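To start, the structure itself, in structure tokens.
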Amino acid sequence: MSAVAPALGVLAGLVGVASYLPYLRDTLRRVTRPHRGTWLIWGLLGVVVCASQRADGAFWSLLMTEAQIAVNLLVIVLAVRLGTGGMSAAEAVLVAAAGVGVAGWFLVDEPLIAIGCVIVADLIAAGMMLPKTWRSPDSETLSTFALGSLAGALALGSVGVLEPSLLLYPLYYCLVNGALALFIRHRRTMSAGTGQVAIAR
């Protein structure tokens with residue numbers, strides 16, 4: 001294991017927690033409107049990923065995921081009252097598809113395939129918030145996803161071994177959060193171009 005792995009793991013956990021603080025603040029201010037279905041799935045998947053990677057021998061890279069679980073719970077609680085998104089037929093189908101991904105983790109005794117199932121479910125959850133974010137890009141907190149991408153990169157560095165089943169999730173977490181941050185930024189730039197005010201958060 002690399003000598004810097006513990007430091008990167010702790011730093012990933014700290015950045016992971018810090019990434020949620022603006023989101024919680026903006027949700028309480030009723031500026032950000034979390035999608036209930038997305039955050040519920042993300043919260044459940046965090047538990048699944050943590051259990052899967054712990055069973056596969058991860059240690060320092062789990063700090064980011066454990067921090068993610070704790071703060072996800074707070075977002076879910078706030079989303080019940082201050083969020084958006086219910087359970088339309090389309091959203092019910094997406095939640096069911098995400099459930100299939102979670103079931104795949106339980107049924108497949110192969111860490112790499114299990115993490116792949118979780119990533120598919122996570123992507124579905126991210127997709128549930130995209131229509132809302134496209135219509136109203138200021139309803140999401142850009143800095144949360146940018147810092148989340150950084151936390152994923154730090155967690156990737158903290159793995160310390162070339163084990164695909166341990167590297168895949170932090171790599172994915174880095175990329176998906178970076179993509180969401182760029183998506184929000186792009187939509188805000190487009191909104192500003194049409195005369196709407198874009199807020200940098």
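The values are calculated or read from the model by the stated rules, or taken from the named source; none is laboratory data. Keep in mind it's a predicted model, so treat the numbers as computed, not measured. Here the Cβ is made from the backbone with ideal geometry for all residues, glycine too, and neighbour counts use every protein chain on show.
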>> Criterion first (modelled with pLDDT of 80 or more and more than 14 Å from residue 148 (Cβ to Cβ)) does residue 7 satisfy it?
In response: yes
> Do we have any residue at all in segment 61-70 that's assigned to a loop (DSSP other than H, G, I, E, B), more than 14 Å from the chain's Cα centre (by Cα) and over 19 Å from residue 169 (Cβ atoms)?
Replying inline: no
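For (1) at pLDDT 70 or above; (2) farther than 23 Å from residue 11 by Cβ; (3) of a type outside the set (Phe, Trp, Tyr), each residue gets a yes or a no:
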site	(1), (2), (3)
47	yes, no, yes
70	yes, no, yes
75	yes, no, yes
78	yes, yes, yes
83	yes, yes, yes
91	no, yes, yes
94	no, yes, yes
120	yes, yes, yes
132	yes, yes, yes
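Looking only at residues that are of a type in the set (A, V, I, L, M, F, W, C) and either under 15 Å from residue 140 (Cβ atoms) or surrounded by 15 or more Cβ atoms within 10 Å (Cβ to Cβ) (or both) in segment 1-13, which one is nearest to the chain's Cα centre (by Cα)?
First pass over segment 1-13, keeping only residues of a type in the set (A, V, I, L, M, F, W, C): 1, 3-5, 7-8, 10-12.
The next check asks that each one be either under 15 Å from residue 140 (Cβ atoms) or surrounded by 15 or more Cβ atoms within 10 Å (Cβ to Cβ) (or both); those that pass are 5, 8, 10-12.
Details: 5: 22, 8: 19, 10: 18, 11: 17, 12: 14 Å.
Ranking the candidates gives 12 first.
Residue-wise test of (1) within 23 Å of residue 134 (Cβ to Cβ); (2) hydroxyl-bearing (Ser, Thr, Tyr); (3) in contact (Cβ under 8 Å) with a residue 60 or more places away in the chain; (4) not in a strand (DSSP E or B).
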position: 3; (1), (2), (3), (4): no, no, no, yes
position: 16; (1), (2), (3), (4): no, no, yes, yes
position: 26; (1), (2), (3), (4): yes, no, yes, yes
position: 37; (1), (2), (3), (4): yes, no, yes, yes
position: 41; (1), (2), (3), (4): yes, no, yes, yes
